[in-house]
Amino acid sequence: MPRRKRRSFTQAFKESVVARMASAESIRGLAAELNVDSRILYHWRDRFQTGGVEALRRVGRPARIDTAKIEASPSPIDITDPGEAQRRIGELERKIGQQQLDLDFFRAALRYVRERRLRKGVPGATASTR
């Protein structure tokens, strides 16, 4: 018996089905009409009763957010105040400096690990010429 492809339903669809279940004559009839197994409908109803609408949310990794919208948003600081702008610039310069220190540290650590692997003769290391 071939396996059927797993279907995915939106939260809005699940909400509407749960609402229809309350007034439906037959849950099996509703399931047949929607071409969904009746056990799934009961599962949705039970989840709705215990956790509300949020319990009908899709499970799994959330959708990617559009980073272009985030980067395009204006800065929340007040640029009209020169003192505040200078303070913010100093804060950001310190942050950049700290990030550079972190980057230097990790580069040195990576270099150390690579050199150690080469000396140990681990798989992937260059062969000795002695």
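Keeping every protein chain present and rolling a 1.4 Å probe, give me the accessible area per residue for region 1-63 in Å². Spell out each step's value before the answer.
Working: 5300 Å² over 63 residues.
Value returned for region 1-63: 84 Å² of accessible area per residue.
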For K95, solvent-accessible area (1.4 Å; no DNA, RNA or ligand), Å²: 120 Å²
How would R20, R39 line up by accessible area, probe 1.4 Å, largest first? R39, R20
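The values are calculated or read from the model by the stated rules, or taken from the named source; none is laboratory data. Predicted model, so just to flag it, every value in this text is computed and none were measured. Ligands, DNA and RNA are excluded from the accessible area calculation, which covers all protein heavy atoms including side chains. Shrake-Rupley method; radii C 1.70, N 1.55, O 1.52, S 1.80 Å.
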